[in-house]
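Here the structure comes first, spelled out in structure tokens, and everything after it is commentary.
The values are calculated or read from the model by the stated rules, or taken from the named source; none is laboratory data. Note that the coordinates shown come from a computational prediction; the quantities given were computed from them, not determined experimentally. Glycine gets a Cβ as well: all are built from the backbone with ideal geometry, and neighbour counts include every protein chain shown.
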Amino acid sequence: MEEIVFRPGEGREYYTDERCHILESWNDPRDPHVSIARARVEPGVTTRWHRLAGVTERYYILAGRGRVEIGDLQPREVLPGDVAVIPPLARQRISNTGPDDLVFFCVCTPRFVPEAYEDIDD
């Protein structure tokens, strides 16, 4: 792998069916071991239940306040600086419980590919 410095443009953020905004900070086939996306959930919104096949995901909370639900764990409050670790195939969703946007990095290993995503919301 060669050296790279990449700056994602703010205009590249998009809204997903999962009910959150995503900015792909880093997701490149030249670096198959990791991807990084910035997620933004608006106040009062809960993302859809979903899971990832073959991918461990970590949420690193940057701003806002929320409640994360992972697998069979009890829901947990998350604040800036918190990290939530989501193993492959664990069901997951996150709610914004505060008055401002909930913003966090999603760090996936190996890198996220759309084929790994499964919507399991009833």
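Some values worked out for this structure:
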{"read-out": "VAL55 surrounded by 14 or more Cβ atoms within 10 Å (Cβ to Cβ) and under 16 Å from ASP100 (Cβ atoms)", "value": "no"}
{"read-out": "Check on ALA90, among the small types (Gly, Ala, Ser) and either at pLDDT below 95 or under 13 Å from the mean Cα position of the chain (by Cα) (or both)", "value": "no"}
{"read-out": "For PRO32: the one exception among (1) closer than 19 Å to ASP122 by Cβ; (2) out of contact with any strand residue (DSSP E or B) (no Cβ under 6 Å at 6 or more places or on another chain)", "value": "(1)"}
{"read-out": "Residue tally, condition in a loop (DSSP other than H, G, I, E, B) and hydroxyl-bearing (Ser, Thr, Tyr), over segment 38-96", "value": "1"}
{"read-out": "Checking PHE105 against (1) out of contact with any Asp or Glu (no Cβ under 8 Å at 6 or more places or on another chain); (2) loosely packed, with under 13 Cβ neighbours inside 10 Å, the condition it does not meet", "value": "(2)"}
{"read-out": "Positions within segment 49-71 being farther than 16 Å from CYS20 by Cα and either of a type in the set (Val, Ile, Thr) or modelled with pLDDT under 95 (or both), in sequence order", "value": "VAL55, THR56, ILE70"}
{"read-out": "Flag if VAL113 is over 21 Å from GLY44 (Cα atoms) and either out of contact with any helix residue (DSSP H, G or I) (no Cβ under 9 Å at 6 or more places or on another chain) or not hydrophobic (A, V, I, L, M, F, W, C) (or both)", "value": "yes"}
{"read-out": "Residues of segment 15-38 satisfying the condition of being among the small types (Gly, Ala, Ser) and either within 13 Å of TYR117 (Cβ to Cβ) or free of Cβ contacts under 8 Å to residues at least 60 places away in the same chain (or both)", "value": "SER35, ALA37"}
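A quick yes/no check of all residues on (1) over 20 Å from ILE36 (Cβ atoms); (2) not aliphatic (A, V, I, L, M):
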site: TRP49; (1), (2): yes, yes
site: LEU52; (1), (2): no, no
site: TYR59; (1), (2): no, yes
site: THR97; (1), (2): yes, yes
site: ASP101; (1), (2): no, yes
site: VAL107; (1), (2): no, no
